[in-house]
Amino acid sequence: MNDSVFFATFDPLYINAPDACSLCVAQPPIFNYEYCIEEENGQRQYIKGFCCARCAQDLLKKLATTEAKEWEAEEAALEADDLDVTDLQKRRLATFGSSVR
Ligand SMILES: [Zn+2]
């Protein structure tokens, strides 16, 4: 499914942001984020909060890892049906490498 992550800056004068990042609770937040998980049935689950720069990178990495797993699962399903997955596999490895887990 097509998950997404959205980041926006915020003005501390007008937005009542927390003092600490919602994820690591260690650093002050820089971004307002919205992580969207799209379920198999098309329903979307939104996780929202304020995060620091490092956690923003972690969220992006999480998005990439999730996508890599989906590509891998799709590839395995096609392979199980005896379809040629050479091009798909080449693209997946070029995109994500083999170490994204
Ligand atoms: Zn953080």
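FYI, it's all coordinate maths here, none of it is from the lab. This structure is a prediction, so every number in the text was calculated from the model and none was measured. We place every Cβ from the backbone using ideal geometry, glycine too, and count neighbours over all the protein chains shown.
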Descending Cα extents along the principal axes, the chain, whole Å: 59, 29, 18
FRET efficiency, 1/(1 + (r/R0)^6) with R0 25 Å, evaluated for T86 and V5 via beta carbons: 0.20
5 angstrom amide H check on I30, placed H, neighbours 5+ away: C51, C52, A53
The stretch 14-95: GluC sites (Glu not before Pro) in DSSP loop, at most 10 other beta carbons within 10 Å: E39, E40
Lysines whose Cα lies under 18 Å from that of K48, excluding same-chain neighbours fewer than 8 positions away: K61, K62
Lys/Arg +1, Asp/Glu -1 at C-beta; the chain dipole; positive extreme among A26, T65, Q45: A26
